[in-house]
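Okay, so here's the structure we're looking at.
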Amino acid sequence: MLRSQQEMRLFGQRYGAIFVGLAIAAAILIVLLIRNSPRAQGPTSAVDALRQVGTDWILALIIFALLGITATAAAVTAYSYFATKEKLAKVQTTAKAILESLVGGVLTLDTDGGVTIINRAACQILEIDSAPPYPDLDVLPEKYRPLVGLIRKALDTRQYVQDEDSVFVNSRNEHIVLRTSISEQVDEAGERVGIVVLVKDVSNLVTMENELRKRDRLAAAGTLAAGVAHEIRNPLSALELNLRLLRDEVTGLCPAGGDIEGYFEILSAETRRLNRITSNFLQLSRAEPLARVRVGVHQAVTQVARLVNREAEEKNISLVLDLVSGDPEILGDSTKLEQVCLNILINAMQAMPTGGIINVTSCIDWFDGCKFVNLAFADQGVGIARENLPRLFDPYFTTRLDGTGLGLAIADRIVTDHGGKILVESTVGRGTVVKVCLPMADEDARGVKESVA
Amino acid sequence: MTDPSKYADPARVTQHELERLRRRAGAEPADPDTRLLFARKLLDCRQVDEAILEIRAVIAMFPNHLEARKLLEAAHASKVDRKAAR
């Protein structure tokens, strides 16, 4: 619709005047010819008749000349029309290609809220069919109500937004963050004809920002810890020792069965707790250099499974290892890798108070041209509430009363230092899967590829 | 895995040193390093059961203590080795 209107306007502007002028000239000449014809003027002399014939010929020639010019103009016009049409088609194709190749989603809507243009990225983000007819705003899935609300607000009240983030859950049950900007769309005359909506999936960007913030927090915690924890732990130890001495003294003086024993118990327990907190704090803050040697991932997992197996059996928990053939190697620190596995397994065991099965699996995967070894620790525990998932790797975040909130924070830091990533999927009441993805050592990648083949 | 033969010579560790470490561990019960040091000396003296108790106490306080878990495994292994040797 828009295309034909543009073409007509262009065509009319350029060639309309020529057509009108030629048509008027031709009409005048025809009228003159009719008026000068012999039948119209009645009987004349031979000289007049000859003159009349000559005039007729001149008029006829002029008419033919005009007709020729008109035909040429028409041909030129037609040629220009098709050339312009072709140019327009090219411009439209280029514009469409640009629109389709944009990473961000673009939607345009008219003032009634009807979608006029939508690019492929927008369709992918909003999970709608890219073929016209485009859907009405009201038929977008319920989860996109906040976005629809922003669009309606922009249409109705002309309140436009810039880089507004909203969180959605897509059909794959993934949390996505959409950054939306809405602006006014105007025509050549400056009249408002609708709005332009830009949507972009910034989930990865937000994740990276969160990770940077987390790293900053960890770095700050580390700097503080080194100084503060030492200062606190020494007086705490002295406090505990003197508390015990005092207890011995007082217990000897006071009759048995009083509350004093209980008070001392509480004081001792709390002092121990403070000591434990400071020790954990120190563990988090230790900035030890990362060794870079070839480490067998399966060897590390198996070793840690052996270390916790006795405790697992005591708690009615079965550890099942289902590892891919071979021992994929990474470049890193074996002790730190074992620490990662231990922290995850301990968490899994603590999440299963009534026992169950912990499955540890491994697989090899490619991502961005790099080979990764993926470890998955799947428990049948109580699961993690959705609102707690984003804070899972935050230092000191814990849902357990006796937890330190450092296990996963330390694991995450170690894995990140190795160039890897930890992902957590969880369903309350069903269990949690913690996935550790680590880049494999280059040469080893070939060996495993062969062994897998 | 810690080599059990490492603990084969108890003469290396004097009773005096062991008592000193016991007092130190008692004075700093929440310090895992001190208690594990004491547990190692106990293992050197072949007092495996007491060493296991000491290590378990550390693990109870610090479940993620990798070193303590490795030492506990070594202690259990040395216990099995001793039984087999008999």
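The values are calculated or read from the model by the stated rules, or taken from the named source; none is laboratory data. No experiment lies behind these values; they were computed from the predicted model shown. Virtual Cβ from ideal backbone geometry, glycine too; neighbours counted across all protein chains shown.
Determine whether the stretch A:375-395 contains at least one residue that is closer than 19 Å to A:Glu211 by Cβ and within 14 Å of another protein chain (Cβ to nearest Cβ).
Looking through the stretch A:375-395, at least one residue is closer than 19 Å to A:Glu211 by Cβ and within 14 Å of another protein chain (Cβ to nearest Cβ).
Please enumerate the residues belonging to the stretch A:330-355 that are within 13 Å of chain B (Cβ to nearest Cβ) and of a type in the set (S, T, N, Q).
Of everything in the stretch A:330-355, those that are within 13 Å of chain B (Cβ to nearest Cβ) and of a type in the set (S, T, N, Q) turn out to be A:Ser334, A:Thr335, A:Gln339, A:Asn343, A:Asn347, A:Gln350.
One line per residue, one yes/no per condition, for (1) outside any strand (DSSP E or B); (2) among the hydrophobic types (A, V, I, L, M, F, W, C); (3) surrounded by fewer than 21 Cβ atoms within 10 Å (Cβ to Cβ); (4) touching a Lys or Arg at 6+ places or on another chain (Cβ under 6 Å):
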{"residue": "A:Asn347", "(1), (2), (3), (4)": "yes, no, no, no"}
{"residue": "A:Thr354", "(1), (2), (3), (4)": "yes, no, yes, no"}
{"residue": "A:Val360", "(1), (2), (3), (4)": "no, yes, no, no"}
{"residue": "A:Arg400", "(1), (2), (3), (4)": "yes, no, yes, no"}
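Listed here are the residues, each with its yes/no results for (1) closer than 30 Å to A:Ile117 by Cα; (2) modelled with pLDDT of 80 or more; (3) assigned to a helix (DSSP H, G or I).
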position: A:Ile18; (1), (2), (3): no, no, yes
position: A:Leu50; (1), (2), (3): no, no, yes
position: A:Ala74; (1), (2), (3): no, yes, yes
position: A:Ala78; (1), (2), (3): no, yes, yes
position: A:Ala83; (1), (2), (3): yes, yes, yes
position: A:Glu86; (1), (2), (3): yes, yes, yes
position: A:Thr94; (1), (2), (3): yes, yes, yes
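Residues to consider are A:Asn343, A:Asn388, A:Asn347; find the one that is closer than 30 Å to A:Ala269 by Cβ and under 22 Å from the mean Cα position of the chain (by Cα).
Step by step, each of A:Asn343, A:Asn388, A:Asn347 is checked, and only A:Asn388 is closer than 30 Å to A:Ala269 by Cβ and under 22 Å from the mean Cα position of the chain (by Cα).
Considering only residues that are over 19 Å from B:Gln15 (Cβ atoms), more than 12 Å from chain A (Cβ to nearest Cβ) and buried (at least 19 other Cβ atoms within 10 Å of the Cβ), which ones fall in the stretch B:37-86?
B:Ser78
Please find, among B:Arg46, B:Arg23, the residue that is closer than 25 Å to A:Leu274 by Cα and not polar (S, T, N, Q).
Checking each option against the conditions leaves just B:Arg23.
For the stretch A:179-224, which residues satisfy the criterion of being touching a residue at least 60 places away in the same chain (Cβ under 8 Å) and part of a strand (DSSP E or B)?
Listed by number, the residues that qualify are A:Gln185, A:Arg192, A:Val193, A:Gly194, A:Ile195, A:Val196, A:Val197, A:Leu198, A:Val199, A:Lys200, A:Asp201.
What helices (runs of 4 or more DSSP H), lying completely within the stretch B:27-86, carry at least 1 residues that are within 19 Å of A:Ser268 (Cα to Cα) and either over 14 Å from the mean Cα position of the chain (by Cα) or in contact (Cβ under 8 Å) with a residue 12 or more places away in the chain (or both)?
Result: B:32-44, B:48-61.
Taking the stretch A:79-134 on its own, how many of its residues are without any contact (Cβ under 8 Å) to a residue 40 or more places away in the chain and hydroxyl-bearing (Ser, Thr, Tyr)?
6
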